[in-house]
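Working notes, beginning with the structure itself.
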Amino acid sequence: MITELRDNDVSALMVLEACALSGVSAALLSEALGSDKACVLGDWQENQLIGYALLARLPFDAELQAIGVRPEQRGQGVGDQLLKAVLAVAARWQSERVLLEVRESNAAAIRLYKGAGFQQDGCRRNYYPAAEGAAGRESALLMSRPV
Ligand SMILES: CC(C)(COP(=O)(O)OP(=O)(O)OC[C@H]1O[C@@H](n2cnc3c(N)ncnc32)[C@H](O)[C@@H]1OP(=O)(O)O)[C@@H](O)C(=O)NCCC(=O)NCCS
């Protein structure tokens, strides 16, 4: 079941992010929970939070800032369901597009986004520090989907 997370879901969200590793800070997540400029969606199974998505409201568009699913529950359509719920929130906000940035090495996320109708608009070279254990930097792919 997908719900909008609130302030009192903060500890469940931190536990989830600690294993999902979407790469957003605890500060950003707790700020988003109390903000009317953001929406954090959570997917619950048997009272456990197994996936979440963070959507920020911009003047014309919405930005998917994070999405993460517990490693044990990946590959079962949870990410896909969360993206559908993200698009419904963006429609409610009357956003024109949903935008996102993703590491070019993150094949799972890129396939998830493409499957949900996102297209690549550009590339920001050497945008991210390299993934743990790797040298150098990594580029970001910029993607978007009309709402
Ligand atoms: C990206 C992520 C959210 C996908 O969640 P998920 O619940 O496993 O995704 P789904 O089961 O809904 O899969 C949807 C589609 O994504 C793609 N996909 C998912 N996992 C994949 C993998 N390991 N390899 C390749 N494609 C994958 C597939 O196209 C899949 O559709 P299909 O099964 O019909 O082929 C999850 O892997 C995750 O939490 N990763 C770590 C955090 C992260 O990198 N977040 C993105 C940046 S913020």
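Derivation of every value follows stated rules applied to the coordinates shown; laboratory data play no part. This structure is a prediction, so every number in the text was calculated from the model and none was measured.
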* Estimated 222 nm signal from helices in the chain, with DSSP H stretches of n ≥ 4 weighted -39500 (n - 2.57), rounded to 500 -> -9000 deg cm²/dmol
* In whole Å, how far is the Cα centre of the stretch 3-19 from that of the stretch 26-95? -> 11
* Cut-off under 5 Å, modelled amide H: who pairs with E104 long-range -> S139, L141
* Structure fact -> Diffing the stretch 131-147: the Karplus 3J(HN,Hα) column from phi (6.51, -1.76, 1.60, θ = phi - 60°), in whole Hz with x for Gly and Pro, holds 4, 3, x, 9, 8, x, 10, 10, 7, 9, 8, 9, 10, 8, 8, x, 8
* Asked: Once the principal axes of the Cα atoms of the chain are found, what is the range along each, listed largest first in whole angstroms?
  -> 39, 37, 29
* Over the chain, what is the relative contact order in whole percent, taking alpha-carbon pairs under 8 Å and six or more residues apart? -> 18
